[in-house]
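The values are calculated or read from the model by the stated rules, or taken from the named source; none is laboratory data. Note that the structure is predicted; figures quoted are calculated from it, not measured. With ideal geometry, Cβ positions are generated from the backbone for all residues, glycine too; neighbour counts draw on all protein chains shown.
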Amino acid sequence: MRRKCLIVALAAITLLGTISGCGKKESKEAIKVSEDNPITTECENYFAKANHISVSVVKRTETNDLDGNSSMTYEKYVTSDINLKDKTDSTFDSTEALASGELIEDKIKELSFKEVFGFDYKGRSADGIFNELMESNGMDTNLKDVTFDDETYDANGRKLYVLNGESSVLKSLLKDTKYDELKSSKVYYQTMKTEAGVEIPENVTAVVEYRIGDVTYKKTVYIEITIYSGEEE
């Protein structure tokens, strides 16, 4: 059952690269209160009370040339379903399973959380796990120091917040790269509203896009956390 959930999650995250965003668009006035600082006390309390979460970390590279040829390769694709109350997890590394560009289920590896993510989740809250995932992947800036992305919101209703500080992940994605043009370089996160009406970060993405000759490269590090309303699902 958990493997089936993993495969559904893989499909959902893979679609991130091709879907620009959807959902009901709220009025600008309705979101003004959270544009500057969406990480509220209510948000922090919601994370603190969670006892069942899932997390994902994805690193990938996309290429496109002028003839319309494209490719996508995964350098990392790991997921975990964690019961914080019982201190149990189901953690999978699907990097090798996606090496060919298509998911090969037999190559999905089930490992310990610490083997895959490099730290122990036991004794940490959902907030602590999320922060450690960000720091260990080079997203070492303040989530509260952000600029609301008006342009994206006007285009498709997605609420994105661009981190103002410098993140080391952007430097690592561009390390030793001699490009002809740097198209974009930023770290941002997207929020969602819970059933209780609390706005929380849903995922954090670091992306650099650059051109070398006629080929455009897009490198992405994506971290997602899902909180199951503080209850076991």
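Of all the residues in segment 50-81, those that are surrounded by fewer than 13 Cβ atoms within 10 Å (Cβ to Cβ), not in a strand (DSSP E or B) and not aliphatic (A, V, I, L, M) number 3.
Which residue, of THR91, THR63, THR152, THR141, is of a type in the set (Ser, Thr, Tyr), in contact with a Leu (Cβ under 7 Å, 6 or more places away or on another chain) and at pLDDT 95 or above?
THR91
If you go through segment 178-218 and keep only what is touching a strand residue (DSSP E or B) at 6+ places or on another chain (Cβ under 7 Å), farther than 22 Å from VAL146 by Cβ and assigned to a loop (DSSP other than H, G, I, E, B), you end up with TYR179, ASP180, ASP214. Condition check for SER172 on (1) within 23 Å of SER94 (Cα to Cα); (2) surrounded by fewer than 18 Cβ atoms within 10 Å (Cβ to Cβ); (3) in contact with a helix residue (DSSP H, G or I) (Cβ under 8 Å, 6 or more places away or on another chain): one failure, at (3). Looking at this structure, is GLU135 of a type in the set (D, E, K, R), touching a strand residue (DSSP E or B) at 6+ places or on another chain (Cβ under 8 Å), under 19 Å from LYS76 (Cα atoms) and at pLDDT 90 or above? Judged against the criteria, GLU135 is not a match. Look at segment 192-207: where a residue is at negative phi and a partner is surrounded by 18 or more Cβ atoms within 10 Å (Cβ to Cβ) and among the acidic types (Asp, Glu), sitting 6+ places away or on another chain with Cβ atoms under 7 Å, you get LYS193/GLU199; GLU202/GLU224; ASN203/GLU224.
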